[in-house]
1. Can you report the number of residues in the range 38-61 which are in contact with a strand residue (DSSP E or B) (Cβ under 6 Å, 6 or more places away or on another chain) and either of a type outside the set (A, V, I, L, M) or modelled with pLDDT under 90 (or both)?
2. Can you name every residue in the range 66-76 that is under 22 Å from L20 (Cβ atoms) and either surrounded by fewer than 17 Cβ atoms within 10 Å (Cβ to Cβ) or modelled with pLDDT of 95 or more (or both)?
3. Restricting the range 109-126 to residues that are part of a helix (DSSP H, G or I) and of a type in the set (F, W, Y), which is nearest to the chain's Cα centre (by Cα)?
4. Being closer than 26 Å to K195 by Cβ, open to solvent by 20 Å² or more (accessible area, probe 1.4 Å) and assigned to a strand (DSSP E or B) is the filter here; which residues of the range 14-61 pass it?
5. Can you name the condition, by its number, that E188 falls short on among (1) free of Cβ contacts under 8 Å to residues at least 12 places away in the same chain; (2) out of contact with any Phe, Trp or Tyr (no Cβ under 8 Å at 6 or more places or on another chain)?
Amino acid sequence: MQELTIIERKHLHKQIGDNLDNYIILDEIKKVYEITSYDDLTINDNKKALIDFLVYQNVYPIVITFILSKNISQDNEMVEKMDSRKIKYSINDCAEDENSFYYCNAKIENEKDLRFLINETYWMPAQNGFYNIIFKDRLNFTLKKYGKWLFSRTQFVPLIDMSIPTSFIKVDGDGLGFILFTNEKKYESIEELTKYIPHKFDIDYLNENEL
């Protein structure tokens with residue numbers, strides 16, 4: 001049986017600061033869980049664990065957001081694959097001088113498309129590219145200002161409104177696990193979260209203070 005390790009991060013401000021500095025979060029994140037398959041600690045095992053977790057939630061739509069090349073023609077193959085499966089998506093341009101980029105919101109409405117798209121795109125977070133999964137119908141970007149006076153700069157960042165109970169996922173560094181950020185009641189404790197983990201996994205809990 002494959003083992004999943006779950007760590008509930010208690011120091012929320014530190015976790016949010018470390019992981020979401022390039023986000024704007026409206027309202028409150030109440031829980032942060034790191035979920036990793038340590039069996040062989042491979043990218044493929046953790047990709048499968050993420051897919052299994054999302055499929056088990058059985059909540060749609062799910063929006064997967066990733067950054068496209070500045071030369072968008074380089075991503076034609078991915079766009080054609082989504083077109084061939086009739087996956088709904090939008091391609092958006094964030095233009096701010098040298099920080100301009102395109103991002104794609106792919107709206108997933110069934111298990112087959114979910115498995116397909118993650119299998120096709122997981123290499124992006126495995127190479128530490130931007131990759132966000134949210135249980136909503138879209139993800140928006142907005143400008144965020146960093147620094148003050150002559151040292152200030154602006155950058156487009158994801159904007160997540162959690163005033164309505166929401167969960168979203170970031171893939172951890174190098175594709176080795178994922179982080180669930182949530183304020184939904186069904187994930188309010190590890191005991192509750194466990195009810196939404198597929199039974200195929202043997203679950204191991206780590207106390208953050210033991211790390």
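1. From the range 38-61, those in contact with a strand residue (DSSP E or B) (Cβ under 6 Å, 6 or more places away or on another chain) are 38-39, 45-46, 49-50, 61; that's our starting set.
Pick out the ones that are also either of a type outside the set (A, V, I, L, M) or modelled with pLDDT under 90 (or both) and you get 38-39, 45-46, 61.
Adding up the residues that qualify gives 5.
2. Residue satisfying the conditions is I67 alone.
3. To start, the set of residues in the range 109-126 that are part of a helix (DSSP H, G or I) comprises 111-121, 123-126.
Filter once more, keeping what is of a type in the set (F, W, Y): 116, 123.
Numbers: F116: 16, W123: 13 Å.
Here the answer is W123.
4. I25, K31, E34 - these are the residues of the range 14-61 that are closer than 26 Å to K195 by Cβ, open to solvent by 20 Å² or more (accessible area, probe 1.4 Å) and assigned to a strand (DSSP E or B).
5. (1)
Table: residues versus (1) among the β-branched types (V, I, T); (2) touching an Asp or Glu at 6+ places or on another chain (Cβ under 7 Å); (3) open to solvent by 40 Å² or more (accessible area, probe 1.4 Å); (4) at pLDDT below 95.
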residue: F141; (1), (2), (3), (4): no, no, no, yes
residue: F151; (1), (2), (3), (4): no, no, yes, yes
residue: T154; (1), (2), (3), (4): yes, yes, yes, yes
residue: P158; (1), (2), (3), (4): no, no, no, yes
residue: D174; (1), (2), (3), (4): no, no, yes, yes
residue: K186; (1), (2), (3), (4): no, yes, yes, no
residue: N209; (1), (2), (3), (4): no, no, yes, yes
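The values are calculated or read from the model by the stated rules, or taken from the named source; none is laboratory data. Small disclaimer: the values here were computed from a predicted structure and weren't measured. Note: ideal-geometry Cβ built from the backbone for every residue, glycine included; neighbour counts use all protein chains shown. Accessible surface is based on the protein model in full, side chains and every heavy atom, while ligands, DNA and RNA are left aside. Shrake-Rupley method; radii C 1.70, N 1.55, O 1.52, S 1.80 Å.
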